[in-house]
1. Which pairs, out of Lys130/Lys245; Lys65/Lys178; Lys62/Lys168; Lys65/Lys130; Lys120/Lys166; Lys96/Lys245, put more than 32 Å between their alpha-carbon atoms?
2. If one computes the Cα centroid of segment 169-243 and of segment 272-317, what distance in Å separates the two points?
3. Among Ile55, Ile275, Ile154, which one shows the highest mean-square fluctuation when the chain is modelled as a Gaussian network with alpha-carbon springs under 10 Å?
4. Taking the beta-carbon count within 10 Å as an exposure proxy, list Asp81, Asp67, Asp186 from fewest neighbours to most.
5. For the chain, set up a Gaussian network in which alpha carbons nearer than 10 Å are linked by springs, and say which option among Thr58, Thr91, Thr225 fluctuates the most.
6. Under a 10 Å cutoff between Cα atoms, tell me which one of Ile20, Ile80, Ile182 has the largest fluctuation in the Gaussian network model of the chain.
7. Quick one: check the C-alpha center-to-center distance for segment 1-55 versus segment 64-94, whole angstrom.
8. What residues have an amide H closer than 5 Å to that of Gln51, excluding those fewer than 5 places away on the same chain, when H is modeled at 1.01 Å from N in the peptide plane?
Amino acid sequence: MKKAIIVNATAARESGARSILDQFISNIPAGFEYVIFVDPSYDTDTNENIQLVKIDTTTWFKRIKWDWHGINRWIKQHQIDPIAAVSLQNTAFRLKKSIPQFIYFHQAIPFYENAWNPLKKSQLKLWLYKHIYPFFIKATLNTNVTVFVQLDYIKQGFSQLFRHPKEKIRVFSPTINKSNSIETIDLPSDTINLFYPATAHFYKNHATILDALQLVSHPAVLYTTIPETVSFAPDHTGLTVNLGKVSYDEIFTWYNSVDALVYPSYLESFGLPLIEAAMVGLPIIASDLPYAREVLNGYSGAQFVPFDNPNEWAEAINNIEKGKRFPQLNISNRPGWVELFHTIHSSI
């Protein structure tokens, strides 16, 4: 039988989950064979010790069936002897307890106090993740499962909610690749130019920033990465420029060009743009929430304000100095993928 570390990532199709899968694969060291279950749409170059197996779990039913029964069936049919198991999608899967298991947990919704409304289409998925999804997490946890998280506040929340030992929860930072771009964009010199790279989901909280822009004492414009076709309320007309999808290098060109990053989101498991902007010394105004405080720990260029208070956001924007930069944040001492893979391999 072939001995291998098996990895379940069939739900990593887009956004943050896809990024985690990309980083995981690109950081796998030599020494062990890996069998990684991915979505049929996923494709990437891999080393010789990595086998990608494409599995369709695009519905909840298919995913539950695969996680609870399909993986074991596939392993037996293909004569795989699992020496460790890793889930990149928040829940473990059913294997013998003697096999070391690891969950890469990157879902902050269960730890937020927001009362999501299941009757609203935009909030139904969030309600399910908060009230139903934890059942599946609990059902797959045991004392042999080590949990990887990106921030300490997630570690504390996970331990409390799922009563999992803190010594079995490890904090590892994702990879942050700082672009070497020194290009800039010619922006108006008579306005405060703000940048917010985020999706249009309501919890990203664009409305608070737009309300704040109506209260500032000098002209300001918000540049976003939401589609150009998305429109805001009529009284917010003219306050934003929607850029649409922006490449990674272009993101850093915007960091080089604007006066500040604003980040009013109230639902994050990490908040990657915060650390990217801090690595280039850009002034940052962020929600005064645990994720932002922890990500920006040690950075002198951040202001923290209540996520739902436009008046305080307006005051913080008024305090921005055009062209000002701060000492860049150094994150080289934060544990990352090297330490994560050492944890996996040392358990075998």
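Every number here is computed from the coordinates shown, using simple stated rules; none is lab data. Since this is a predicted model, take the numbers as computed values, not measurements. For neighbour counting, all protein chains shown are included, and Cβ atoms are generated from backbone atoms with ideal geometry for every residue, glycine included.
1. Too far apart for the 32 Å limit: Lys65/Lys178; Lys120/Lys166; Lys96/Lys245.
2. Centre-to-centre (Cα) distance: 13 Å.
3. Evaluated over the chain, the most mobile residue of the options is Ile55.
4. Values: Asp81 11, Asp67 24, Asp186 6.
Lowest count first: Asp186, Asp81, Asp67.
5. Thr58
6. For the chain, modelled as a Gaussian network with Cα springs under 10 Å, the answer is Ile182.
7. 13
8. Tyr34, Val35, Ile36
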